[in-house]
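Contents: one structure, followed by commentary.
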Amino acid sequence: MRSHRKYRLALLLGTLILSACASTQKPLSDPDNDPWESFNRGMYKFNTAVDRAVLRPIAKGYDKVTPQPVQKGIGNFLHNLSYPATIINLALQGKFKKSAIGTGRFVLNSTVGLLGFFDVATKADIPDYDEDFGQTLAAWGWDDSRYLMLPFFGPSTLRDGIGRFGNNYIDPISQLARQEDEYRPLIFDVVHTRAGLLSQEQALEEAFDPYIFLRDAWLQSREYDIYDGDPPLPDYEDFLD
Amino acid sequence: MRNLFGLLVCAVWLFGTPLTAQEQSPEEIIQSTAGEVLNILNDQKAYYRDHPEELEHLVNHRLMDLFDLDYAARLVLGRHGRSASAEQINAFGIAMRDLLVRRYSQGLLDFESEDQLQILPLSGKNSDRLTRVRTRVKLGSGGFAPVDYAFRKTDQGWRAFDVSVEGISYITTYRNQIGPQVQQDGIDAVIDGLRSGSVGVDGN
């Protein structure tokens with residue numbers, strides 16, 4: 001049953017990829033970082049359509065019925081649940097001290113913070129790191145990767161798309177879906193995350209070119225994460241040409 | 001009261017300009033200017049809340065004085081700015097500034113104290129012409145927002161020209177939005193659009 005579902009999905013994606021490739025070629029807006037722009041634009045269109053039809057209405061409903069403090073608690077809980085991945089990736093990048101601090105944060109929030117619903121660690125001034133397998137691959141040398149719009153999951157790069165496999169392997173919510181066929185926590189996670197983006201979508205919609213706006217913001221924000229908040233300055237002089 | 005206040009604004013304005021012209025380091029510039037403006041705002045919070053135009057004036061003539069608007073404008077325009085006149089570049093820079101100030105200056109009123117602004121020590125690659133000042137703005141929710149300023153050395157000393165919030169630079173982001181619009185409609189139309197609010201750089 002499960003393999004059938006996967007097969008059908010692969011078929012669907014294959015069709016989408018082919019149809020996106022067949023679209024007319026325009027000059028690339030950023031040949032260095034986005035050589036797959038025409039494919040990515042097709043996928044962006046697809047994602048937007050899925051979002052409009054299904055995800056956004058559900059996220060809006062969720063946002064409406066869930067009071068802000070409850071949403072915050074749920075966000076804390078989900079963040080804490082994903083923290084083992086951060087701890088492992090800190091270690092994989094050789095940041096052992098931070099990995100230990102991260103472990104302390106996870107233990108504190110999971111216990112005193114009641115399974116992570118309360119972020120007591122932040123109140124205690126324990127830093128909050130953010131690492132994943134994509135960032136680890138970057139730290140290991142794959143620092144430049146082409147932009148890739150993933151179906152359903154949205155903006156990514158080739159590197160971070162591959163990193164997703166590692167993250168999903170560790171993530172307890174993905175494990176439930178994979179091993180137990182229990183998709184409800186995953187769906188809930190997606191809806192919650194989408195609801196958190198509702199306040200930002202107006203900026204995206206009104207941008208002159210939403211695709212480019214999202215891409216540029218996402219790539220910069222990713223670079224910022226990879227360099228732990230201290231990325232190299234852009235080559236501004238180059239901008240004059 | 002109002003007179004006193006007007007005097008204060010004038011004093012800050014007059015006082016502020018020569019200060020920045022001195023050879024201050026980029027960190028000192030951020031520290032002194034932001035600190036001063038936040039103190040003024042804290043003392044007169046209610047007044048500024050009721051007089052958004054005064055707030056914009058203060059921000060424009062005190063905070064935005066740090067910025068090399070012409071250079072920022074040229075970076076955003078890129079090759080589309082090469083054929084533009086100096087007046088057009090200047091008008092474009094001011095229109096962009098006004099748009100940002102109109103949109104974001106209200107946020108300054110949420111500050112409670114100067115201590116909410118933390119300046120991080122210099123790190124990374126800095127040259128004697130180009131550097132970055134990294135700051136953290138503490139938020140009421142307990143977290144913080146990282147806000148970084150890019151500075152370059154000019155004949156008038158160090159001037160800021162770019163701001164990044166959470167690593168997302170205004171210049172890098174606007175460049176790819178504005179460029180195609182200038183190509184499509186011409187620079188004057190885009191300047192008018194920025195002024196009237198019909199051309200957005202990030203929507204809102």
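The values are calculated or read from the model by the stated rules, or taken from the named source; none is laboratory data. None of these values were measured; they are calculated from a predicted model. Cβ: placed from backbone, ideal geometry, glycine included. Neighbour counts: every protein chain shown. Note: areas computed on protein heavy atoms with side chains; ligands, DNA, RNA excluded. Shrake-Rupley method; radii C 1.70, N 1.55, O 1.52, S 1.80 Å.
Using only Cα atoms, what Kirkwood radius does the protein assembly as shown have, in angstroms?
One over the average 1/r among Cα pairs gives 24.3 Å for the protein assembly as shown.
Net charge near B:Asp188, counting Lys/Arg +1 and Asp/Glu -1 over other residues with Cβ under 15 Å of its Cβ?
In short, -2.
Across 5 Å bins from 0, what is the distribution of all Cα-Cα pair distances for segment A:84-241, in whole percents?
Percent of Cα pairs in each bin: 2, 8, 12, 17, 20, 19, 13, 6, 2, 1, 0, 0.
Around A:Asn109, under 14 Å between beta carbons, what's the net of Lys plus Arg minus Asp minus Glu among the other residues?
Residues close to A:Asn109 contribute a combined charge of 0.
Would you mind classifying segment A:66-131 by shape? Square roots of the alpha carbon gyration tensor eigenvalues, ordered a ≥ b ≥ c; an a/c under 1.5 is rounded, otherwise it is prolate if a/b is larger than b/c and oblate if not.
Taking the square roots of the gyration eigenvalues as a ≥ b ≥ c, segment A:66-131 is prolate.
What does the average come to when, for each residue of peptide A:195-206, you count the partner chain Cβ atoms lying within 10 Å of its Cβ?
Shielding by partners across A:195-206 averages 2.
Give, as a single signed number, the net charge of other residues whose beta carbon lies under 12 Å from the beta carbon of A:Asn47, with Lys and Arg counted +1 and Asp and Glu -1.
The answer is +4.
Quick check on segment A:111-203: take the gyration tensor over C-alpha atoms, sort the square-rooted eigenvalues as a ≥ b ≥ c, and tell me if it's rounded (a/c under 1.5), prolate or oblate.
Since a/c stays below 1.5, the shape of segment A:111-203 is classed as rounded.
Just to be sure I understand: if you take the accessible area of chain A alone plus chain B alone and subtract the pair, with a 1.4 Å probe, what total do you get in Å², rounded to 100?
When A and B are taken together, about 2700 Å² of accessible area is lost.
Quick one: which of A:Lys72/B:Lys45; A:Lys123/B:Lys138; A:Lys60/A:Lys123; A:Lys98/A:Lys123; A:Lys72/B:Lys138 span more than 21 angstrom between C-alpha atoms?
Distance filter (> 21 Å) returns A:Lys72/B:Lys45; A:Lys60/A:Lys123.
Per residue, how much accessible area does segment A:93-186 have with a 1.4 Å probe, in Å²?
56 Å²
Inside 10 Å of the C-beta atoms of A:220-227, what's the mean count of C-beta atoms belonging to other chains?
The mean count of partner-chain Cβ atoms within 10 Å per residue comes to 3.
Got a number for carbon plus sulfur as a percent of chain A's accessible area, 1.4 Å probe?
Carbon and sulfur together cover 64 percent of it.
When the helix-only estimate is applied to chain A (DSSP H runs of n ≥ 4, each -39,500 (n - 2.57), divided by the residue count), what is the mean residue ellipticity at 222 nm, nearest 500 deg cm²/dmol?
Calculated mean residue ellipticity at 222 nm is -20000 deg cm²/dmol.
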